[in-house]
Structures are given as structure tokens and as C-alpha cells.
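Colleague: Here's a structure for you.
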Amino acid sequence: MIVAMQRKLAIMAVALAAAPVVAQDEEVRQVFIDDVAQVRIETSLGNIVVELNAERAPMTVESFLQYVVDDYYDGTIFHRVAAGFIVQGGGYLADLTEKPAERTVFNESGNGLSNLRGTIAMARTTDPHAADSQFYFNLVDNINLNPRPTRWGYAVFGEVVEGIEVVDAIGAVPTGAAGEFERDVPIQPVVIERVELIRE
């Protein structure tokens, strides 16, 4: 059973590696041509620069960048702060209204990237392919979020190269219950003011 699952995941990995990336936006397509993939996430607590790994997670990076160039993330918040675990955002506004997502993306968690401290990954429901706009930063090494032979993991698609202290600051804010959430919501909203593609 485990061997069969490993073989299936290996076949999928080969198929994904061969799949062409066809971005909707010219600016996103240029990222893959130029191999330039950094974004600046401007938050109410400071800026975070993330380097995206388009080689290992091409579909995830493409989808994320499309949200970026569409200004989708501007004005959303980090709605979940689980101290010593993750900070999650990109899907709710400050009043905790969920922002409709434009697309989902195939789960690329088998790409060899691990949920280590300072990495960015896609949040999702129990459906392994339900990731849409929401992402999270790992506050610590969370290898339990990596895939296993019998289950999908959570797809890492980049890492923080500047501003890890901002990620830590977000991870330390006071939280409580709010809206539909029973816990982990920042009492003072941490707003994603703008996300922009960094061009050389």
C-alpha cells in the first residue's frame, strides 16, 4: 500500500514537472521567463520580502502571483495567529468578512520543500487541492505539515529573505475569539496593506 502510494506520488511529481505554466497575466509570465520571483508584503507591523520558488512550485507560484498583480491581497488581514506554529492570512478583511477567492491550485506539497521556520506555504481545508488565496508563514519547523506516503501535505512555495522579525512580531500579537473563529484572531487587526512584485 505504502509502496503503491509512493509510486503514485512519484508519477504525479514527474507529470507536474513537465506541465507548462501558462499564466494569465503578462507580468506573471515574465517572472517565469526572467526567473525573478520576489514579493514585498507590506503589513501594519512592517514589511516582509519573500522569495518564491517557481522551479519547485510552479503552479502555486503562478496562482499566488496572479493574486498579487490583481491587488487581491491589499486590505486583507492575518486572521489566524497560532503562537509557536503559524500565522495565516490572505483571505479575510478587517471586519472578518471572507473575501471570495478567484481560483484554487493543485497541491504541490510533494515538491521537496519543507515546512521549516520562515517558509511560506498554502493554507487549505481537508480537501488537499482546496488551497486558494490563503497562505501562512511557519513560525517554527513544522515538519508534521509535510506530505507523507499516505497523505498530502501543505505546499511550501517560498521563504522569507527579509523581515523575519516582522513575521515573529505578528506571531506574538494578543489573540482571542472573533467572528466565526473561536480563537487565534488578533485583537488588533494585522493588515496586509499591499503586496507587490519586486522588479530589478
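The values are calculated or read from the model by the stated rules, or taken from the named source; none is laboratory data. Everything quoted here is computed from the prediction, not taken from an experiment. All Cβ positions, glycine included, derive from the backbone under ideal geometry; neighbour counts span all protein chains shown. Remember, those area values only see protein heavy atoms, side chains included, never the ligands or the DNA or RNA. Shrake-Rupley method; radii C 1.70, N 1.55, O 1.52, S 1.80 Å.
Colleague: Which numbered condition in (1) farther than 25 Å from E62 by Cα; (2) surrounded by 16 or more Cβ atoms within 10 Å (Cβ to Cβ) is the only one that G158 fails?
Modeller: Only one criterion is unmet by G158, namely (1).
Colleague: Something else now. List pairs: first residue in region 171-198 and without any contact (Cβ under 8 Å) to a residue 24 or more places away in the chain, second residue surrounded by 16 or more Cβ atoms within 10 Å (Cβ to Cβ) and of a type in the set (S, T, N, Q) anywhere in the structure, Cβ distance under 7 angstrom, at least six positions apart or on different chains.
Modeller: That search, which allows pairs on different chains as well, returns R183/T175; I187/T175.
Colleague: Select, from R103, R117, R151, R80, the only residue that is charged (D, E, K, R) and surrounded by 21 or more Cβ atoms within 10 Å (Cβ to Cβ).
Modeller: R80
Colleague: Given the criteria out of contact with any strand residue (DSSP E or B) (no Cβ under 6 Å at 6 or more places or on another chain), within 25 Å of V69 (Cα to Cα) and not hydroxyl-bearing (S, T, Y), does E159 qualify? Write out each step before concluding.
Modeller: On the way: out of contact with any strand residue (DSSP E or B) (no Cβ under 6 Å at 6 or more places or on another chain): no; within 25 Å of V69 (Cα to Cα): yes; not hydroxyl-bearing (S, T, Y): yes.
Judged against the criteria, E159 is not a match.
Colleague: For region 90-107, how many residues meet the condition of being closer than 14 Å to G179 by Cβ, part of a strand (DSSP E or B), in contact (Cβ under 8 Å) with a residue 12 or more places away in the chain and not aromatic (F, W, Y)? Steps first, please.
Modeller: Step one: filter region 90-107 for residues closer than 14 Å to G179 by Cβ, giving 91-99.
Okay, now just the ones that are also part of a strand (DSSP E or B), so 91-93, 98.
Now restrict to residues that are in contact (Cβ under 8 Å) with a residue 12 or more places away in the chain: 91-93.
Now restrict to residues that are not aromatic (F, W, Y): 91, 93.
Looking only at that region, the number is 2.
Colleague: If you don't mind, there's one more thing I want to ask. Being under 10 Å from I192 (Cα atoms) and open to solvent by less than 10 Å² (accessible area, probe 1.4 Å) is the filter here; which residues of region 68-77 pass it? Break it down stepwise before answering.
Modeller: As a first pass, look at region 68-77 and keep what is under 10 Å from I192 (Cα atoms): 73-77.
Listed by number, the residues that qualify are Y73, T76, I77.
Colleague: Could you list all residues from region 128-146 that are within 20 Å of E62 (Cβ to Cβ) and of a type outside the set (F, W, Y)?
Modeller: Correct list: P128, H129, A130, A131, D132, S133, Q134.
Colleague: Could you list all residues from region 56-80 that are among the polar types (S, T, N, Q) and either part of a helix (DSSP H, G or I) or on the phi > 0 side of the Ramachandran plot (or both)?
Modeller: Answer for region 56-80, where residues must be among the polar types (S, T, N, Q) and either part of a helix (DSSP H, G or I) or on the phi > 0 side of the Ramachandran plot (or both): T60, S63, Q66.
Colleague: For region 56-66, state whether one or more residues are aliphatic (A, V, I, L, M), at pLDDT 95 or above, open to solvent by 70 Å² or more (accessible area, probe 1.4 Å) and closer than 30 Å to F181 by Cβ.
Modeller: No, every residue in region 56-66 fails to be aliphatic (A, V, I, L, M), at pLDDT 95 or above, open to solvent by 70 Å² or more (accessible area, probe 1.4 Å) and closer than 30 Å to F181 by Cβ.
Colleague: Could you check how many residues of region 83-100 are open to solvent by 40 Å² or more (accessible area, probe 1.4 Å) and under 18 Å from E159 (Cβ atoms)?
Modeller: Our first condition is that a residue be open to solvent by 40 Å² or more (accessible area, probe 1.4 Å); within region 83-100, this holds for 83-85, 93-95, 97-100.
If we keep only those that are under 18 Å from E159 (Cβ atoms) as well, we get 85.
Final tally of qualifying residues: 1.
Colleague: Let me ask something else about it. Specify the residue that is nearest to L45 (Cα to Cα); the eligible residues are those in region 183-196 that are of a type outside the set (D, E) and open to solvent by 20 Å² or more (accessible area, probe 1.4 Å).
Modeller: V191
Colleague: I need a count of the residues in region 108-124 that are closer than 26 Å to A172 by Cα, out of contact with any Gly (no Cβ under 8 Å at 6 or more places or on another chain) and either among the polar types (S, T, N, Q) or assigned to a strand (DSSP E or B) (or both).
Modeller: 3
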